[in-house]
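One structure below.
Just so it is clear, none of the values below were taken in a lab; they were calculated from the coordinates. For clarity, every value in this text was computed on a predicted model and none was experimentally measured. Heads up, the Cβs are rebuilt from the backbone with ideal geometry, glycines too, and the neighbour counts pull from every protein chain shown.
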Protein chains: 2
Amino acid sequence: MNIYDIAKEAGVSIATVSRVLNGSENVRDLTRQKVEKVLKKYNYVPSAIARGLMTNSMKTIGIVTIDIRNLYYANVAHTIEQALRIIGFNSILCNTGYDIEQKIGYLRMLTEKKVDSVILVGSTFRDPLLDKPVLEISKQIPVIIVNAYYGYPNTYSIQCDDRKALEKFVEYLAHRGRRNFLYLYDADTFSGNLKLEGFQKAASKHGNIAGIHLIRSGIDEAANKTKELLRSGILFDAVLTSEDLTAIGVLQGLRENGIAVPEQVSVVGYNNSILSLCCHPLLSTVDSRMEDMGKLAVKVLHQVLSGERAENSIKIAPQLIFRQTT
Amino acid sequence: MNIYDIAKEAGVSIATVSRVLNGSENVRDLTRQKVEKVLKKYNYVPSAIARGLMTNSMKTIGIVTIDIRNLYYANVAHTIEQALRIIGFNSILCNTGYDIEQKIGYLRMLTEKKVDSVILVGSTFRDPLLDKPVLEISKQIPVIIVNAYYGYPNTYSIQCDDRKALEKFVEYLAHRGRRNFLYLYDADTFSGNLKLEGFQKAASKHGNIAGIHLIRSGIDEAANKTKELLRSGILFDAVLTSEDLTAIGVLQGLRENGIAVPEQVSVVGYNNSILSLCCHPLLSTVDSRMEDMGKLAVKVLHQVLSGERAENSIKIAPQLIFRQTT
DNA sequence: CTGTTAGCGCATTCAG
DNA sequence: CTGAATGCGCTAACAG
C-alpha cells in the first residue's frame, strides 16, 4: 500500500495525497476529506524511507556512548532521547564500549544511515584517533559532544565544570579540618584529567596529597585499593573519587577495617547517581547535572538544525551534594 | 556524491559499482580495483536510505522500553543492542514511559521508519490497550516481547520464571526458620502478578502472609512503608520485594528502627542489580538473567528474520543469589 | 563479467 | 486548488 493506491481510490493525484499527508494548506476541504477517508480506511502509514530519500533526512540522530548500563550514560541518553522526540527526532543508540575501532564503525554506520546529527556522550570521545572521523562527519552534519570539547567548526560542546567541583569539595573538606587527601579515579579521559587537576591544585593548596591512584572501575577494585593503602600505613582523612561506584568501594574497604565514616575519614563520590543513596552512610557526591547537559545538547542541536546561531561551547556549574559521608 | 559519480570516474556502470559495494563475486579483479580506488579517493559512503527503499529494510530494529534509567531495562537494552549489532542491525531506542499514548506513538513511528522488527522490553507492554497496535504490527514484522507474552502469530516471547523465583525464595527462608512473610511490590504488571502469585502460594503454604503491599517505586517509599508497618505492630521476619531498590528502602527503614538484618528480619531483592552490591548488608536477590533474555530475544529474532522456525515462547529459570540479608 | 533499464515511495517543481 | 512529470540513490533483473 503506497501513495498511488491511496490516490487511485480517492480519485485524486499522488501530489494531493502527499499534500494532505503533510498538512499542506492548499487543499480544498472536500478533497482533503476524501483522501483522509481512504487514509483511515487502510490505516495508511507513509514510508519514512521514501520520504527520507527526497528530503535527505530520516529525522533520526545518533546517540553515541560507551555503555548504557552505566547510570551516568543512561541518564544522559534518556534525557537526550526524550528531548529529541519532542522536537520530532528519533535516536539510534550506539554502545561503543572502549574499543576505538567500534567507535569508528558506529560513526561510519551513522553516516550511512544519514542521521541528521551525532551526539557524543562522554569525554572518552575526545580521542586523537577519533579526530579525523569526527572532523569528516562534522563537515556533513553537526556534532554535539557532551562532557568534552572539539575545536572543529560545526562541533558543539556541553560540559560540566568538573575541575571546579573537585576544587570546591577539597576546599570544603579542608574547612572541616581534613588535611590528607586521597584521590581514586578510574578513567584517564578529558574530563578525568580536569577532575584530577582540580584535586591536585586544591589538595596541595589546602593540605597534603596522600595519594593519587588510577584503578579499574568497580566496587571491589576500589575496596581492595583502599585496604591495600590502609595496610601500607598511608595516612589519609579524606577520599575523593571520580565516580560514586568507586566511593562505595572505598566505603566498604573502610568498613572492613573498622574505620568510621565520616568521623575518621570523609568520602566523596561523583555523579550523584542512585547508588549514592543506596549505601550507608549516604554518600556525599557531586551532581554533574547530566539531565541539564542532555537538555542543553538537544537545545543546541535544535538551534543548529533550525539555522540559528548556537554557542560552540557551554559550561555549566556542578553542584556539591552533602550527605552523611562528609 | 553518489553511485553515478563513482561510476563515471571509474569508467564503469553503476551496476558494477553497486556490485563491488556489496561484495559481489561477479566482478573482475581489475575492475574491482579501479572502482575501489575511486571509492577510497572520495571516502565514499553509500546511502542506506536509498538502499532501504529498494530492499525495504533499513537494517534497524526498535527497542521499546519504559525507561532506560532503570538498571533493569538498561541492561536488557544494552545486551540487545550489542547482539543486534553483531548480526548487522542497529537499534532505535524508545523510552515510552508509562503513558499508553506514548507507547502507541512510538509504535507508529517505528512502522513509519520501516524497522525490521520491534522488541518490547518489559511486562508493562502486555496491556489490553496495546493489543490492537501490537496485533497490527505483528502482521508486518515479527514482534519480540521480553518478560511477557502475546499469543498472536508472529509474536515471540522470552520470559523468566518469576513465579518460581519467589516460591523458591520463600521456601528457602522457611527452611531457615522464617514464618511471617511480607511482600512489597511496585508494579501491577504481567510479570508483577506472577511474582505475587508465587509469593502468595509459597508463603501461605510454608508460613503466614504478614502483608502484601503495592507501593510507589523508590527507596523512600519503601523505607516509609516499612516504618509504617513497624509502627502498626505487624509482625514479620522476612520481607520479599519485586525490585532491589525497594529492598534497599526496606533495609533503611529497618536500620532506622534498630532491627538487625538478617538476624531479626531477612530481606530479599529482585534483579541482582548493581544496587544490591552497594548496600549494607549486601542484598540477597534474584538474578532474573536479563542478559540471557536479551541474547535470546536477538537469537529468536535472527532465526525469524532468516526464515527459520523459532520458539514462540521461551522461559528461562531465575537464579537465587544468597548474600548477607538472608 | 558488465551495462541498461526499471522501479522502490515519496516530495516537489511547474503548469493549468 | 490540483495534476503530470521528475528525480532522490540505490538494487535487481535482464541482456549481452
1/(1 + (r/R0)^6) with r = Cβ-Cβ of B:Ile209 and B:Asp161, R0 = 30 Å, i.e. FRET efficiency to nearest 0.05, evaluates to 0.90
Pairs over 20 Å Cα to Cα, from A:Lys168/A:Lys225; A:Lys164/A:Lys201; A:Lys103/B:Lys299; B:Lys168/B:Lys195; A:Lys168/A:Lys195, come to A:Lys168/A:Lys225; A:Lys103/B:Lys299
Under 5 Å from the placed amide H of A:Thr325, counting only residues 5+ away or on other chains, we find A:Ser284
Filtering GluC sites (Glu not before Pro) in the stretch A:1-40 by DSSP loop and by at most 11 other Cβ atoms within 10 Å leaves A:Glu25
Copies of B:Asp220 compared via label points 7 Å along Cα→Cβ give distances in nm, shortest first, of 3.5
Residues B:Ile6, A:Ile3, B:Ile316, A:Ile63 in order from fewest to most other beta-carbon atoms within 10 Å are B:Ile316, A:Ile3, B:Ile6, A:Ile63
Quick calc: nm separation of the 7 Å Cα→Cβ label points for B:Asp5 and A:Arg108 -> 1.9 nm
For the pair A:Phe322 and A:Arg28, the simple spin-label estimate (label points 7 Å beyond Cα toward Cβ) gives in nm 7.4 nm
Between the modelled labels at B:Ser18 and B:Ile259 (7 Å from Cα along Cα→Cβ) the distance in nm is 7.0 nm
XL table A:Lys113/B:Lys41; B:Lys114/B:Lys295; A:Lys139/B:Lys37; A:Lys8/B:Lys132; Cα-Cα > 25 Å flagged, in table order, is A:Lys8/B:Lys132
Between B:Ile87 and B:Arg179, Cβ-based FRET efficiency (R0 35 Å, step 0.05) works out to 0.10
Distances in nm between the label point of B:Lys315 (7 Å along Cα→Cβ) and its equivalents in the other copies, shortest first, are 5.8
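Just tell me the longest site-free run in chain A, where the sites are trypsin sites (Lys or Arg not before Pro) in a DSSP loop having at most 14 other beta-carbon atoms within 10 Å.
Longest stretch, sites excluded: A:29-175.
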In terms of the alpha carbon gyration tensor, root eigenvalues a ≥ b ≥ c, rounded if a/c is under 1.5 and otherwise prolate when a/b exceeds b/c or oblate, the stretch B:162-287 is rounded
Taking the label point 7 Å from Cα along the Cα-Cβ vector, the copy-to-copy distances for B:Lys40, listed from shortest in nm with one decimal, are 6.0
Quick calc, the protein assembly as shown, dipole around Cα centre from Cβ unit charges on Lys, Arg (+) and Asp, Glu (-), nearest 20 debye, gives 1220 debye
Per the helix-only model, chain A has a calculated mean residue ellipticity at 222 nm (DSSP H runs of ≥4, -39500 (n - 2.57) each, divided over all residues, rounded to the nearest 500) of -14500 deg cm²/dmol
